[in-house]
1. Just need a number here: residues in segment 73-100 that are closer than 30 Å to Ala36 by Cβ, part of a loop (DSSP other than H, G, I, E, B) and of a type outside the set (Asp, Glu).
2. Is there a residue in segment 23-32 that is of a type outside the set (D, E, K, R), free of Cβ contacts under 8 Å to residues at least 60 places away in the same chain, surrounded by 14 or more Cβ atoms within 10 Å (Cβ to Cβ) and out of contact with any helix residue (DSSP H, G or I) (no Cβ under 9 Å at 6 or more places or on another chain)?
3. Within segment 151-168, take every residue that is among the hydroxyl-bearing types (Ser, Thr, Tyr) and at pLDDT below 80 and give me the one that is nearest to Phe140 (Cα to Cα).
4. Output the residue which, of all residues in segment 101-131 that are assigned to a helix (DSSP H, G or I) and charged (D, E, K, R), is surrounded by the most Cβ atoms within 10 Å (Cβ to Cβ).
5. Please indicate, with yes or no, whether at least one residue in segment 95-104 is modelled with pLDDT of 70 or more and farther than 28 Å from Ile237 by Cβ.
6. Could you tell me whether segment 66-83 includes any residue that is of a type in the set (A, V, I, L, M) and more than 22 Å from the chain's Cα centre (by Cα)?
7. Mind telling me which of the residues Leu40, Leu61, Leu70 ends up being within 16 Å of Val20 (Cα to Cα), outside the structural domain of Lys156 (by TED's automatic domain parsing), of a type in the set (A, V, I, L, M, F, W, C) and loosely packed, with under 15 Cβ neighbours inside 10 Å?
8. Within segment 234-254, which residues are surrounded by fewer than 21 Cβ atoms within 10 Å (Cβ to Cβ) and in a loop (DSSP other than H, G, I, E, B)?
Amino acid sequence: MKIQVGYELVYQCPQPTPMVVTLSIHYSRASDIVQADHLLLTPSVRVSAYRDLYGNWCSRLVAPAGEFRLNGNAVVSDSGNPDAIMPWLEQRPVETLPQEALLFLLGSRYCETDLLSETAWQLFGEAPTGWHRVQAICDFVHQHIQFGYGLSSPTKTAYQVFPRPPRCVSRLRPSRGYVLPMHEYPSPLLHGLSRRHRHCSKSIADGLCGLVRGLSRRRLVHFRCRNNTPCIGRVLIAQGRDAADVALTTSFGPSTLERFQVCKV
């Protein structure tokens, strides 16, 4: 099947404002792109592209003072198959993990491991390891957390979100992708965003991405806590440790997002 992937963002900047924009389709889907996702800017400004630490395509630019519009529209070929379910995946000891995986196990301002690790072990320490442990965490989140717009805040963290008692944290990390049809769009990530990265809360986040080790190709495995079912038609845009790593835009100066729209099929 063919999936249309598009967006329009309109900013108002009181002064020239440097930005990093992460809106390009992830390189892992490059062979599926039927119509390229060119970034169109109004007014036109100079753009330089680079790959970040996680392999995401990013664009650097300086938004001019006044209204600044970003548009993109692409078509991606997709099998229509849901995310893979692989319950046979095993969990590897930390000391045997590849070096590039260790970064994903560190805490962040959105996932306070110092406050939540003990409870997480109490809740899930006896659960089967590997795929089944991650699924147990997803089941808990799905049953205890309400996903919805307006329920988060720019500073909300995992510690603030999870129910009390008990408190727990899912050692899961987010990725960002466009998911069609429209009614399949998930809500913003619950752990909130800083002002600098706040626009990720308006992205089409695909919930949470679990790191289950044991994959021969060392890739991320997707879990969807919100609906707790495999996703169909996922088009990955960016992946990283948390919301700060996968923000739609990062503004190094004052800017106001006045309009955000996702394309319709």
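1. The qualifying residues number 4.
2. no
3. The qualifying residue nearest to Phe140 (Cα to Cα) is Ser152.
4. My answer is Glu118.
5. Checked against the condition, which is being modelled with pLDDT of 70 or more and farther than 28 Å from Ile237 by Cβ, segment 95-104 yields at least one hit.
6. Going residue by residue through segment 66-83, those that are of a type in the set (A, V, I, L, M) are 70, 74-76.
Filter again for more than 22 Å from the chain's Cα centre (by Cα), leaving none.
No, segment 66-83 contains no residue that is of a type in the set (A, V, I, L, M) and more than 22 Å from the chain's Cα centre (by Cα).
7. Values: Leu61 fails: loosely packed, with under 15 Cβ neighbours inside 10 Å; Leu70 fails: loosely packed, with under 15 Cβ neighbours inside 10 Å.
Result: Leu40 is the single residue among Leu40, Leu61, Leu70 that is within 16 Å of Val20 (Cα to Cα), outside the structural domain of Lys156 (by TED's automatic domain parsing), of a type in the set (A, V, I, L, M, F, W, C) and loosely packed, with under 15 Cβ neighbours inside 10 Å.
8. Within segment 234-254, Phe252, Gly253, Pro254 qualify.
The values are calculated or read from the model by the stated rules, or taken from the named source; none is laboratory data. Predicted, not measured: the structure shown is a model, and the values here were computed from it. Counting neighbours? That spans all protein chains shown, and the Cβs are built from the backbone with ideal geometry, glycine included.
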